[in-house]
Amino acid sequence: MVRSAEHPGHREAVERAIALFGGLGFVRPGETVLLKPAVNSGSRYPATTDPETVLVMAELVKEAGGEPFVADRTMLLRSTEEAFRKTGIRDAAEQAGIPCYPLDDEDSVAIRHPLARHWPGSRVCIYSPVVAADHIINLCTPRTHALGGFTMSMKNNVGVVRNSSRPRMHFPRGLKERLAEINLVVRPSLVVMDGREGFTDGGPDSGDLARTGFIAAGSDPVAIDAIGLAHLRLEGANPAIGEGSVWKIPMMKRAALIGLGVGSEQAIDLVGADPESEAALRAELA
């Protein structure tokens, strides 16, 4: 994790955060890399991924020898192509010279996992281009969410779930558990959380803005989400995520139970934070 203000530019901050994680050595020449942005709407960052982050990651993946592409499916009844254009992500992809695919009309694959028990038949339907990618890099932001509690790394993967599965995903009870269980079948090689800004209440498309000022990178979506939650709590997050233990928030609790990542503050390896910041974050994660 790095403080973005301590670097001359956004690329430098992102690059440093990834270097602290261990770099992009997992990308082999010629491998396809899905850059999965958060494009829930046409609203700009932090409601959606900053197109500058998409451009930076496309450049870094290319330099590592990979073949990046952008893909997502926005919220129900909305056009992904329109959202790509409104947010500037289409322009960023064109500037980087990489494909940018709306997944709206793509085929899907039903993937079964025995622990995805809140999904019908323990199956989650994922768009085929996502399944075919060699790697996924999840590009999320730290936000509260009116229904899910929060939307960061884990919930960002809703965008690769077949659209027709989403209404049922919300009802009956079990939404937050289903959000965690998506990550049993969609595993990122890397998560980059652009936490320069976030929402402490409201969300996902608009909310109370907080200038949290960090970039975090890692392969554990639960740990990354925990760091995002800690930052929002320090800024005065709403009661749904700001009170009680982070590890009892329903999505986090289910994620830890099914082994998606860490399950306690002690298990998080927080590299790059100064001692004062680390102490403050860990106090929120205890």
Protection proxy ranking of 127-140, 22-35 - average other beta-carbon atoms within 10 Å, highest first: 127-140, 22-35
Kirkwood Rh, angstrom, the chain [1 / mean 1/r, Cα pairs]: 18.5 Å
Which listed pairs, of K36/K176; K62/K155; K176/K253; K86/K176, have C-alpha distances above 18 Å, in listed order: K36/K176; K62/K155; K86/K176
Candidates per trypsin sites (Lys or Arg not before Pro) in the stretch 148-190, loop by DSSP, up to 15 other Cβ within 10 Å: R173
Percentage relative contact order, the stretch 216-266, counting C-alpha pairs under 8 Å, at least six apart: 41 percent
Mean separation of Cα contacts under 8 Å (6+ apart) over length of the chain, as relative contact order %: 19 percent
Proxy reagent accessibility, fewest Cβ within 10 Å first, across V124, V109, V186: V109, V186, V124
For the stretch 240-255 versus the stretch 137-152, the gap between their alpha-carbon centres in whole angstrom: 13 Å
Within the chain, percent of DSSP bridges classed antiparallel, to nearest 5: 55 percent
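Each value in this text was obtained by applying a stated rule to the coordinates, not by laboratory testing. In this text, all values refer to a predicted model and were calculated from it rather than measured experimentally. Positions of Cβ are generated from backbone atoms using ideal geometry, with glycine treated the same way; all protein chains shown enter the neighbour counts.
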